[in-house]
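The values are calculated or read from the model by the stated rules, or taken from the named source; none is laboratory data. Small disclaimer: the values here were computed from a predicted structure and weren't measured. Positions of Cβ are backbone-derived with ideal geometry, glycine not excepted, and every protein chain shown enters the neighbour counts. Heads up: the accessible areas ignore ligands, DNA and RNA and are worked out on the full protein's heavy atoms, side chains in. Shrake-Rupley method; radii C 1.70, N 1.55, O 1.52, S 1.80 Å.
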Amino acid sequence: MSFPNQRPRRLRTTPAMRRMTAEHRLAPAELILPAFIREGLSEPNPIASMPGVVQHTTDSLKRAAAEAAELGLGGIMLFGIPSERDAEGSASLDPNGVLNRAIRDVRSEIGDELVVMSDVCLDEFTDHGHCGVLDGEGYVDNDATLEIYAKMAVAQADAGAHMLGPSGMMDGQIAAIRQALEKAGHTNTAVVAYAAKYASAFYGPFREAVDSQLKGDRRTYQMDAANRREAIREVELDLAEGADVVMVKPAMSYLDILADVAAMSPVPVAAYQISGEYSMIEAAAANGWIDRQAAITESVLGIKRAGANMVLTYWAAELAGWLKESR
Ligand code: PBG
């Protein structure tokens with residue numbers, strides 16, 4: 001029998017020992033809460049496939065933002081659901097449209113206490129549900145879409161967004177948005193690039209959350225799950241175009257991508273733990289198959305360990321509450 005003196009278990013003996021030697025820990029400031037606001041609602045509307053998440057009214061959104069600020073979250077990412085849609089998504093440009101108004105309302109509620117972020121994408125606003133406008137063949141027209149994104153970005157910056165999140169995966173979207181912001185004098189409005197965003201089955205519940213009209217898929221613009229190297233190319237392009245933060249999305253099925261990006265990125269890296277990741281854990285927990293709090297905490301810690309500096313998660317507020325309790 002041998003008696004090893006190498007005993008990794010020494011550092012696992014007590015909670016204090018484990019806490020002191022932990023390589024990563026979670027903090028509210030790195031968590032970002034995605035939030036939906038729907039035009040014309042009188043009561044918050046539960047999203048069936050995302051138990052615990054709602055489509056907000058103006059009032060409930062303001063309360064959620066105030067609570068997020070109170071908890072010390074890093075930011076809030078706003079998505080708007082308009083009551084009228086058309087082929088060009090024109091409601092996205094209306095200064096009084098649902099998203100632009102929500103940005104204003106949230107800014108007036110919390111000022112600079114949270115980073116107020118907003119989705120620059122057409123899928124919530126188009127009647128066909130694609131992230132851009134379509135050409136004669138039904139193909140998403142990259143460059144025509146860029147012109148609209150540029151205007152959307154300026155409208156959202158005018159409304160007071162601190163950081164814009166273009167999520168449509170058009171080529172050149174960061175450059176188009178950056179140029180439009182500079183030209184409009186919004187030199188301090190930051191951009192978080194959804195740099196490596198994959199066409200994912202795990203977006204399913206989000207489509208309910210925003211009442212998406214999409215038929216078909218987004219495979220001609222979002223990345224293919226088979227590809228790893230290509231993520232680096234996407235990140236390099238977005239960096240060259242002026243991205244302030246780069247994001248990987250989804251998170252849990254793409255932790256290798258996140259680790260690759262974290263290893264090469266000179267700017268902060270975000271990861272989006274998306275709707276389907278949320279729903280899977282909630283569903284398993286509701287069935288009593290996993291310990292909900294432990295599973296949520298582990299899932300976000302895994303994303304952090306893979307290299308994320310910031311995590312967008314629908315559990316941001318609840319998780320921050322737990323972090324406060326556990327000192
Ligand atoms: C597009 C967008 C999507 C999500 C965020 N922005 C949907 C899509 O690309 O189909 C998904 C977020 C989630 O699933 O939680 N505006």
message: With a 1.4 Å probe and all protein chains left in place, how much of the accessible area of the range 25-325 comes from carbon and sulfur atoms, in whole percent?
response: 49 percent
- request: Show the residues, 5+ positions off or on another chain, whose built amide H is closer than 5 Å to the amide H of Val115.
  value: Gly75, Ile76
Under 12 Å from the Cα of Lys324 - aspartates and glutamates, other chains or at least 8 residues apart: Glu70
- prompt: Which value in nm describes the separation of the simple spin-label points at Ala295 and Arg9, placed 7 Å from the Cα toward the beta carbon?
  reply: 2.9 nm
message: Run lengths n ≥ 4 of DSSP H only: what is the helix-derived mean residue ellipticity at 222 nm for the chain, with -39500 (n - 2.57) per run over all residues, to the nearest 500?
response: -12000 deg cm²/dmol
field: Part-to-part distance (alpha-carbon centres) for the range 227-282 and the range 1-19, which is given in Å
entry: 35 Å
Phi to ³J(HN,Hα) by Karplus 6.51 cos²θ - 1.76 cosθ + 1.60 over the range 292-309, Hz, x for Gly, Pro: 4, 4, 5, 5, 4, 4, 5, 5, 6, 5, x, 5, 5, 4, 5, x, 6, 8
task: Just order 13-24, 251-262 by mean Cβ neighbour count inside 10 Å, highest at the front, would you?
output: 251-262, 13-24
task: Mind jotting down the three principal axis lengths of the chain based on Cα atoms? Whole angstrom, largest first.
output: 76, 44, 39
field: Residues of the range 73-99 with amide N under 18 Å of a point placed 7 Å along Cα→Cβ from Ser108
entry: 94-99
query: Against the longest principal axis of the chain, how steep is helix 173-183, in degrees 0 to 90 to the nearest 10, with axes from Cα atoms?
result: 60 degrees
query: Residue by residue through the range 58-74, which ³J(HN,Hα) values in whole Hz follow from phi under the Karplus form 6.51 cos²θ - 1.76 cosθ + 1.60 (θ = phi - 60°), with glycine and proline marked x?
result: 4, 5, 5, 5, 4, 5, 5, 5, 5, 5, 4, 5, 4, 7, x, 4, x
Net charge, Asn142 excluded, C-beta distance under 10 Å - Lys, Arg +1, Asp, Glu -1: -4
- line: Net charge (Lys, Arg +1; Asp, Glu -1) of residues whose beta-carbon lies under 12 Å from that of Val311, Val311 excluded, is +1
query: Considering only the other residues whose Cβ falls under 10 Å of the Cβ of Ala65, what net charge follows from Lys and Arg at +1 and Asp and Glu at -1?
result: -2
statement: Checked against a 27 Å limit on the C-alpha separation, the offending pairs among Lys215/Lys249; Lys151/Lys249; Lys62/Lys183; Lys197/Lys304; Lys151/Lys197 are Lys62/Lys183
message: Suppose all protein chains stay in the model; what accessible area per residue would a 1.4 Å probe give for the chain, in Å²?
response: 46 Å²
task: Determine the relative contact order of the chain: mean sequence separation of Cα pairs under 8 Å and six or more apart, normalised by residue count, in whole percent.
output: 18 percent
query: When the Karplus curve 6.51 cos²θ - 1.76 cosθ + 1.60 is applied with θ = phi - 60°, which whole-Hz ³J(HN,Hα) does each residue of the range 11-16 get, with x for Gly and Pro?
result: 7, 10, 5, 10, x, 5
